[in-house]
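Here the structure comes first, spelled out in structure tokens, and everything after it is commentary.
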Amino acid sequence: MAEITREAKHHRLGVNAYATATFFIALGGNAFRNLLGLQGYVALVVVVFGIGIALFIKQRPERFRWYRLPAPLTLFLLFAALSILWSQYRLESLLGVTAQLITTAVAVILALLLTWQETLSTLASAFRYLLGLSIVFELFVSLFIREPLLPWWIEAPEGKTPNLLYWSRDLLFEGGPIQGLLGSSTLLGFAALLGLIVFVIQLRAGTVRPFAGWFWVIVALATLVLTRPATALIAGGVVVVSLFFALWARRAKADHRMPMYFIGAALLAACGTLAIVFRDSFFGIFGKSGSLTGRTETWQKVIDLGSEHPTVGWGWVSYWAPWVEPFKSLDVQGGIPVMHAHNAWLDVWFQLGFIGLALFGLLVFVTTWRVWFRAVDQPRRGPGAPLPYATSALWPFLIMMAMLVQSLTESRMIVESGWLLLVLFTVKTRFDYEVPSSQDDQKRIPWRDTPIPRG
């Protein structure tokens, strides 16, 4: 029995180590491309995918069936794959669909191998590595290199180097905005926001030591201050409001929540209208122009081009391929070809038309619906009185709300970590719908001592 227990511990240790590394690589895609180059990054992704398949085969989750995957996810992926047939850039579409399927498979593997608590702890570990190493990286650049740093495989162009090319702009001692390992203050700031969500949840649920919990909360807040991205700051406000409504829903009975839904919808409509009508003043608060740093120009170009194939789109590609038309001449910002539409919804419509947009919208709606009710439904274990609410039930909903805000100005929800988290939430809420109670948070034992779930 002792030998079986040790084997179980080692197995969980391996699964959790794999999950932490996978989350870190997905969240830090830009960092690994800057460090290894594109070919090295692709090789790393293939290795991660192969290890995941091996773990999945060894574990063989009994509750998994391919035909039980959420229908919106399956339909969206099938339509993306079918778009290769009418794509205007078939080779690139083949590569894009392959990348999408690999990311989806890894997300499914994580959803089925990890418990909800393990998902939270490994994701938090990945954020700690990403934010901590980003601060160390910026400190190294400012102390020893003392000038803006390009990725090693990029040669400085003639004339002025575009800021978007720099891995670090050596701005730590000037108060930022720093770019960290990701080479982007926008992406690093949003990662800090997501990290702040999971760190606060862990601290409030009591699953981490207070000193460590507060330390990483401070690191996440410091990173937000040093990056100051408008998207993350606005998303942070939405997360706070979403948390208020979730706590309100917990206090209200299930059949008395309708007024709350009406108030939420009215508030959303009012804020959206004011942000559009007074966008110059609104975004000026965050140091941005009404054009959202040129995003509105990109959107108009995408709309003009997408209108040529509005029903089925130009063909799926996820990240744009700037070496082929129409992306080659579509848009350039700061001397660098634009790699996406800076709006996930517009990007899906451009690539898959109204049909793909409807399927994507259904996928996002179903996922948001499920994580919402997981956050606000009172946990039960059979007949009898309901159990106390758990803090840890809130984090998927809060992260989903932040991602929805980001999807309006970035296309990250359809690539890399954004797609990974979206699929993970979609699949895990489909197969593992048990709502935790506060007792589950308080009695949680270290994951190294958690036995393998059987059956």
Odd one out for Ala390 among (1) open to solvent by 10 Å² or more (accessible area, probe 1.4 Å); (2) touching a strand residue (DSSP E or B) at 6+ places or on another chain (Cβ under 7 Å): (1)
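So, of the residues in segment 401-435 that are assigned to a loop (DSSP other than H, G, I, E, B) and of a type in the set (Val, Ile, Thr), which turns out to be nearest to Ile25 (Cα to Cα)?
Val415
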Residues satisfying the stated conditions in segment 350-360, i.e. surrounded by 23 or more Cβ atoms within 10 Å (Cβ to Cβ) and hydrophobic (A, V, I, L, M, F, W, C): Phe350, Leu352, Phe360
Output for segment 325-343, where each listed residue is among the aliphatic types (A, V, I, L, M), open to solvent by 30 Å² or more (accessible area, probe 1.4 Å) and not in a strand (DSSP E or B): Met339
Test for Glu308: is it open to solvent by 10 Å² or more (accessible area, probe 1.4 Å), modelled with pLDDT of 90 or more and closer than 30 Å to Arg90 by Cα: yes
Looking only at segment 39-83, and only at residues there that are in a helix (DSSP H, G or I) and among the charged types (D, E, K, R), the one that is farthest from Ala21 (Cα to Cα): Arg68
Some residue of segment 14-31 being surrounded by fewer than 19 Cβ atoms within 10 Å (Cβ to Cβ), at pLDDT 95 or above and closer than 28 Å to Phe137 by Cα: yes
Members of segment 155-173 found to be open to solvent by less than 30 Å² (accessible area, probe 1.4 Å) and under 24 Å from Met339 (Cα atoms), listed by number: Thr161, Pro162, Trp167, Ser168
The one condition in (1) in a loop (DSSP other than H, G, I, E, B); (2) open to solvent by 40 Å² or more (accessible area, probe 1.4 Å); (3) under 30 Å from Leu38 (Cα atoms); (4) touching a residue at least 40 places away in the same chain (Cβ under 8 Å) that Thr207 fails to fulfil: (3)
Pair list, Cβ under 7 Å, 6 or more apart: segment 257-285 residue in a helix (DSSP H, G or I), other residue at pLDDT 85 or above and not β-branched (Val, Ile, Thr): Met260/Phe245; Met260/Trp248; Met260/Ala249; Gly264/Phe245; Phe283/Ala230
Residue satisfying all of: in segment 419-435; open to solvent by 20 Å² or more (accessible area, probe 1.4 Å) and of a type in the set (D, E, K, R); modelled with the lowest pLDDT among these: Glu434
Any hit, segment 233-243, residues being modelled with pLDDT under 95 and in a loop (DSSP other than H, G, I, E, B): no
Residue check for Glu138: touching a strand residue (DSSP E or B) at 6+ places or on another chain (Cβ under 9 Å) and buried (at least 17 other Cβ atoms within 10 Å of the Cβ): yes
Single residue of segment 174-192 satisfying the filter (open to solvent by less than 10 Å² (accessible area, probe 1.4 Å) and not small (Gly, Ala, Ser)) that is farthest from Arg412 (Cα to Cα): Ile178
Count of segment 84-94 residues which are closer than 17 Å to His309 by Cα and either assigned to a loop (DSSP other than H, G, I, E, B) or open to solvent by less than 70 Å² (accessible area, probe 1.4 Å) (or both): 7
Residue in segment 141-154 that is more than 22 Å from Gly189 (Cβ to Cβ), without any contact (Cβ under 8 Å) to a residue 24 or more places away in the chain and either open to solvent by less than 70 Å² (accessible area, probe 1.4 Å) or β-branched (Val, Ile, Thr) (or both) present: yes
In segment 219-261, residue surrounded by the fewest Cβ atoms within 10 Å (Cβ to Cβ) [restricted to those that are β-branched (Val, Ile, Thr) and in contact with a Ser or Thr (Cβ under 6 Å, 6 or more places away or on another chain)]: Thr231
Residue check for Arg68: surrounded by fewer than 17 Cβ atoms within 10 Å (Cβ to Cβ) and over 23 Å from Ile414 (Cα atoms): no
So Thr223, is it hydroxyl-bearing (Ser, Thr, Tyr) and more than 23 Å from Gln406 (Cβ to Cβ): no
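The values are calculated or read from the model by the stated rules, or taken from the named source; none is laboratory data. This is a predicted model, so every value here is computed, not measured. Note that we place each Cβ from the backbone using ideal geometry, even for glycine, and neighbour counts take in every protein chain shown. Just so you know, the surface numbers come from the protein's heavy atoms only, side chains and all, with ligands and any DNA or RNA stripped out. Shrake-Rupley method; radii C 1.70, N 1.55, O 1.52, S 1.80 Å.
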